[in-house]
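Have a look at the structure below before the remarks.
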Amino acid sequence: MPELYPIKAYAYLRVSGRGQVDGLGFDRQLQEIDEYASVNDMEIVEVFREEGVSGTRGEQERPAFMEMVSRILANGVRTIVVEGMDRLARENRVQENLIVFLASKGITLISARTGVDVTADFDGDPVKKAMIQIQGIFSEMERNLIVKKLKQARDKKRERTGKCEGQKSFTESEQGKITVRELVRLRESGFTWQEVADHLNTNGFFTKSGKPWTMVNAQQTWRNNREL
C-alpha cells in the first residue's frame, strides 16, 4: 500500500482586543488546533494571526486572512483549521460570507472544537451551495474584467508612447520612502495593523494611489518594503 502523508493545513487565529494580542488568546486557540491536528493525521504548516480585528469584519479587512488565502491559492495547501466558528467571526452573517468566500475557491474550513468540516456541511445545503457557486462565478468574472482592463490600458499606452513600462514602486518617490519608514517604525513599536492605518491617516500619510490606509494595504506595503 502507498504511504499516507498527513494533510497539510494552515491555522487561523483571531483576537479582537489589544489585551488578547499580548495575553493567552492565541496560545489557547493554537493549543486546541494542534490537539485536533495530532489526532486527525494533520500537519499545521503555518499559523496566521489576526491581531486586534473584530469578528464583525469581512475578508477585505483581515490582512492575515487575505495573506493566508493568497498563500493557499499559490500552493498545494487547501485546508484551514480554526479553534471554533466564533474565532472565524462572531456574527452568523459574516461567518456565512467568509465560508462562501473560502468554499468558492475550493478551500476546506475545519472547526477544531467540533471536528466539523464546515465547508462540506455548507456545500450540502442546496441554497448555500448555490451561494458558493454564484460567488465563484463573480470571482471568475472579476478576474477576467481586471485582466481585460489592464490589457486595454497597456495597449493604449503602447499606442500613445510606443512603449509600456511596468508600474513604478511606491518607494521610488521621496514621499513614498518617508511613508514606508514611518509604517515600519509604527509596526516595530508594537502597533496593530489597524492602529498603523489609523495613525498614518491621521497624520497625513497616504497610499500610492492617494487613498486612506487600511489594515490590508498597510500590511502588504510593510511586507514588500520592510527592508527599506
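The values are calculated or read from the model by the stated rules, or taken from the named source; none is laboratory data. Note that the coordinates shown come from a computational prediction; the quantities given were computed from them, not determined experimentally. Here the Cβ is made from the backbone with ideal geometry for all residues, glycine too, and neighbour counts use every protein chain on show.
One table, with the values for the structure above:
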quantity	calculated
Those residues of the stretch 107-125 which are surrounded by 15 or more Cβ atoms within 10 Å (Cβ to Cβ), part of a loop (DSSP other than H, G, I, E, B) and not basic (Lys, Arg), in sequence order	107, 112
Cβ pairs under 6 Å, 6+ apart, first in the stretch 197-217 and without any contact (Cβ under 8 Å) to a residue 40 or more places away in the chain, second assigned to a helix (DSSP H, G or I) and of a type in the set (A, V, I, L, M)	197/215; 197/218; 199/186; 213/197; 213/200
Flag for residue 179 being modelled with pLDDT under 80, more than 30 Å from residue 85 (Cα to Cα) and not charged (D, E, K, R)	no
Candidate set: the stretch 203-218, residues that are surrounded by 21 or more Cβ atoms within 10 Å (Cβ to Cβ) and within 13 Å of the chain's Cα centre (by Cα); chosen: the one nearest to residue 170 (Cα to Cα)	218
Residue in the stretch 179-192 that is nearest to the chain's Cα centre (by Cα), counting only those that are farther than 14 Å from residue 212 by Cβ, in contact (Cβ under 8 Å) with a residue 12 or more places away in the chain and surrounded by 15 or more Cβ atoms within 10 Å (Cβ to Cβ)	192
Residue that is farthest from residue 78 (Cα to Cα), among those in the stretch 102-115 that are among the hydrophobic types (A, V, I, L, M, F, W, C) and modelled with pLDDT of 85 or more	112
Count of the stretch 29-54 residues which are assigned to a helix (DSSP H, G or I) and either surrounded by fewer than 14 Cβ atoms within 10 Å (Cβ to Cβ) or outside the structural domain of residue 82 (by TED's automatic domain parsing) (or both)	4
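For (1) aromatic (Phe, Trp, Tyr); (2) at pLDDT below 90; (3) at positive phi, each residue gets a yes or a no:
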{"residue": "42", "(1), (2), (3)": "no, no, no"}
{"residue": "57", "(1), (2), (3)": "no, yes, no"}
{"residue": "65", "(1), (2), (3)": "yes, yes, no"}
{"residue": "71", "(1), (2), (3)": "no, yes, no"}
